[in-house]
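Following: one structure in structure tokens, then a few remarks.
Each value in this text was obtained by applying a stated rule to the coordinates, not by laboratory testing. What you see is a predicted model; the values in this text were computed from it and never measured. Quick reminder, even Gly has a Cβ in these numbers, built from the backbone with ideal geometry, and neighbours come from all protein chains shown.
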């Protein structure tokens, strides 16, 4: 089961462990697909609105409210495999880039 998260604390926990992250992926069938790649995977997501609220994103830096940002909360394959083979980013990079853009707009 894919679990929805909503709080800054949950997002920071994922950023602190550089969780593999994808933006704008459809949730339907995702967990089954990822479990074929990595049987130990645990998937969580946040909606754009909750991510925006948690990090104070505004203007063009905001995600669409209904966009899904997907994170792996647990995984067993090498993180570089996720990056190079499956096009993920790291949760801390996503956060840091968004916060930096937000500060530039101020």
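Computed quantities for the displayed model
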| read-out | value |
| --- | --- |
| Backbone N within the stretch 81-106 under 19 Å of label point (7 Å from residue 58 Cα along the Cβ vector) | 96-106 |
| Residue 35 paired with residue 77, simple spin-label distance in nm, labels 7 Å along Cα-to-beta-carbon | 1.6 |
| Taking 34, 11, 27, 67 and counting other C-beta atoms within 10 Å, the order from fewest to most | 27, 67, 34, 11 |
| Highest-MSF residue in the chain out of 52, 61, 85 [GNM, Cα springs under 10 Å] | 85 |
| Segment residue 9-residue 105, length gained on full extension (0.36 nm per residue, minus Cα span) | 32.1 nm |
